[in-house]
């Protein structure tokens, strides 16, 4: 029986992702964000966290790793992912009749090294601009 890396097992990825999203939500609350929704799914995919920061709707993408490197998870939000997140955000804003509200995208890079109980969290506010046909309101 071969040992498959833990990150490739579906149950492990889901557990690890859920753990990271919970840590992200706690972090955001601590810095004053109000969590509006988590794990919003629609035909375009899933939004990790939707929060409110002083009147601005924030779409938070949570990226996590088991290594100590927080740069790699943040860099994984590539142009295709940005386009998908823009479409998801637009769908959310339309569905909730919030198109006139300011909005932005944040990325939280979370590192869970094996020997640490608590993660290292690097917050990238306004990590990228909306892409595609539709532009977000700011």
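Before moving on, here are some points about what is shown:
- Between residue 91 and residue 122, the contour length at 0.36 nm per residue exceeds the Cα-Cα span by 8.5 nm.
- A straight chain from residue 36 to residue 115 at 0.36 nm per residue would run longer than the Cα-Cα distance by 25.2 nm.
- Take the convex hull of the alpha carbons in region 6-128; its mean projected area over all directions comes to 7.6 nm².
- DSSP beta bridge pairing in region 21-124, given as percent antiparallel to the nearest 5: 65 percent
- Between residue 54 and residue 98, the modelled label-to-label distance comes to 1.8 nm, taking each label 7 Å out from Cα in the direction of the beta carbon.
- Cβ-based exposure ranking for 49, 31, in which fewest neighbours within 10 Å come first: 31, 49
Taken together, the values in this text are just the output of simple stated rules run on the coordinates, not laboratory data. Note that this is a predicted model, so its numbers are computed, not measured. Heads up, the Cβs are rebuilt from the backbone with ideal geometry, glycines too, and the neighbour counts pull from every protein chain shown.
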